[in-house]
Amino acid sequence: MEEIPILGLGTWKLWCTCHKKPLVKTACTRSLKALKLDYLDLYLMHWPMGFKSGEADLPMDHNGMIIPSNTDFLDTWEAMENLVATGLVRAIGVSNFNHEQLERILNKPNLRFKPVTNQIECHPYLTQKNLISFCQSRNVSVTAYLPLGGCSGGMHLMEDPTIQTIAQKHRKSAAQILIRFQIQRNVRVIPKSVNPKRILENFQVFDFELSEEDMTDLLGLDRNLRLATFPITENHKDYPFRTEF
Ligand SMILES: NC(=O)c1ccc[n+]([C@@H]2O[C@H](COP(=O)([O-])OP(=O)(O)OC[C@H]3O[C@@H](n4cnc5c(N)ncnc54)[C@H](OP(=O)(O)O)[C@@H]3O)[C@@H](O)[C@H]2O)c1
């Protein structure tokens, strides 16, 4: 059978040790080479925080805290804009940005490409109501990561009695309720599974609808519980979780 060449696919992220302008293109082309692709559909700045570049992905000081770089994410964004201009990526976005950080990019003088999405942790225990309203009001889509509450070591979201009750009512799984919850909020959702049966199950979310009452109950579970807190970076000037949203 003839092999169909894959030219571009999916989303990839720029890691924090590559925030210096000249390193952005190097990191992107390295990823394209590893992925055997000509371009990426979407490239995200993984965090607003730049780390010291070098061998280690997580350069740490003697207190076990991150060593920042002296970069500004607006400069990193400019280098990412160049990737779009030269055709290496189709679109660019951000991840783990709070509303002030996103606003800084949107207000940047001579902005050439705005972020198409902000990929953030989002599920009923961290509903992100304010940040989602902010992003949507600025026409930046939101992508929910950890939508199922992560793996079994996580927050056991799928066992929550409210979610279980709603799942039984619709004859759906807890995972399907959590995915549908985001779709009905106009939030993109990226559940992850390595199990083919569950991957299929996670797509079967377009044949039912959560009621307004279901949505209110799910939103009512919010307890501002964040899994991806990244504590070793709390010393960083651009640590995103100090502000309310
Ligand atoms: N931007 C960021 O900083 C950031 C941070 C974290 C994660 N992410 C991204 O977010 C995506 C999802 O994150 P995640 O994997 O950490 O969390 P997740 O999707 O919330 O949870 C994944 C866990 O749920 C299980 N699962 C999946 N479907 C299921 C189903 N139908 N029923 C029961 N269990 C199910 C998986 O197990 P099985 O595999 O065994 O099915 C896995 O243990 C990934 O693409 C990840 O790269 C982004």
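The values are calculated or read from the model by the stated rules, or taken from the named source; none is laboratory data. If you're wondering where the values come from, they're calculated on a predicted model, not measured in any experiment. Note that each Cβ is placed from the backbone with ideal geometry, even for glycine, and that neighbours are counted across all protein chains shown. Ligands, DNA and RNA are excluded from the accessible area calculation, which covers all protein heavy atoms including side chains. Shrake-Rupley method; radii C 1.70, N 1.55, O 1.52, S 1.80 Å.
Of the chain, which part is the longest with no GluC sites (Glu not before Pro) in a loop (DSSP not H, G, I, E, B) and with at most 15 other C-beta atoms within 10 angstrom?
Values: sites that count: E2, E3, E55, E209, E234, E244.
That would be 56-208.
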If you stretched the chain out fully between F245 and D41, how much longer would it get, using 0.36 nm times the residue separation minus the C-alpha to C-alpha distance?
70.7 nm
With all protein chains modelled, accessible area of C151 [1.4 Å, Å²]
110 Å²
At a 1.4 Å probe radius, carbon and sulfur cover how many percent of the accessible area of region 153-245?
52 percent
Helical contribution to [θ] at 222 nm, DSSP H n ≥ 4, -39,500 (n - 2.57), averaged over the chain, rounded to 500:
-9500 deg cm²/dmol
For D41, what residues show an amide H to amide H distance below 5 Å, using hydrogens built from the backbone and excluding near sequence neighbours?
L9, G10, R90
Report the label-to-label distance for T216 and R188 in nanometres (one decimal), using points 7 Å from each Cα along the Cα→Cβ vector.
3.2 nm
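Could you size up the charge dipole of the chain around its Cα centre, putting +1 on the beta carbon of Lys and Arg and -1 on that of Asp and Glu, and report it in debye to the nearest 20? Mind showing how you got there, number by number?
Numbers: 28 positive and 27 negative charges, 87 e Å.
Here the chain has a charge dipole of around 420 debye.
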Note the angle between two axes, namely the Cα long axis of helix 161-170 and the longest principal axis of the Cα atoms of the chain, as a number of degrees from 0 to 90, rounded to the nearest 10.
70 degrees
Under a crude label model (7 Å from the Cα following the beta-carbon direction), how far is A85 from H156 in nanometres?
5.3 nm
Any idea of F203's accessible area? Nearest 10 Å², probe 1.4 Å.
140 Å²
Near-label residues of region 61-80 by backbone N, under 17 Å of a point 7 Å along Cα→Cβ of K237
66-78
So what J values fall out for region 89-96 if you push phi through Karplus, 6.51 cos²θ - 1.76 cosθ + 1.60 with θ = phi - 60°, rounded to Hz, Gly and Pro as x?
9, 7, 8, 10, x, 10, 9, 6
Between T229 and E209, 0.36 nm times their residue separation minus their Cα-Cα distance comes to what?
4.0 nm
Between K13 and residues 5 or more places away or on another chain, the pairs with built amide H atoms under 5 Å apart involve L44
Within region 208-241, which residues have the backbone N less than 20 Å from the label spot 7 Å out from N70 along Cα→beta-carbon, could you tell me?
235-239
Does the chain classify as rounded, prolate or oblate by the C-alpha gyration tensor (a ≥ b ≥ c root eigenvalues; a/c under 1.5 gives rounded; else a/b over b/c gives prolate, otherwise oblate)?
prolate
Just how much of T17 is accessible, in Å², when a 1.4 Å probe is used and the result is rounded to the nearest 10?
10 Å²
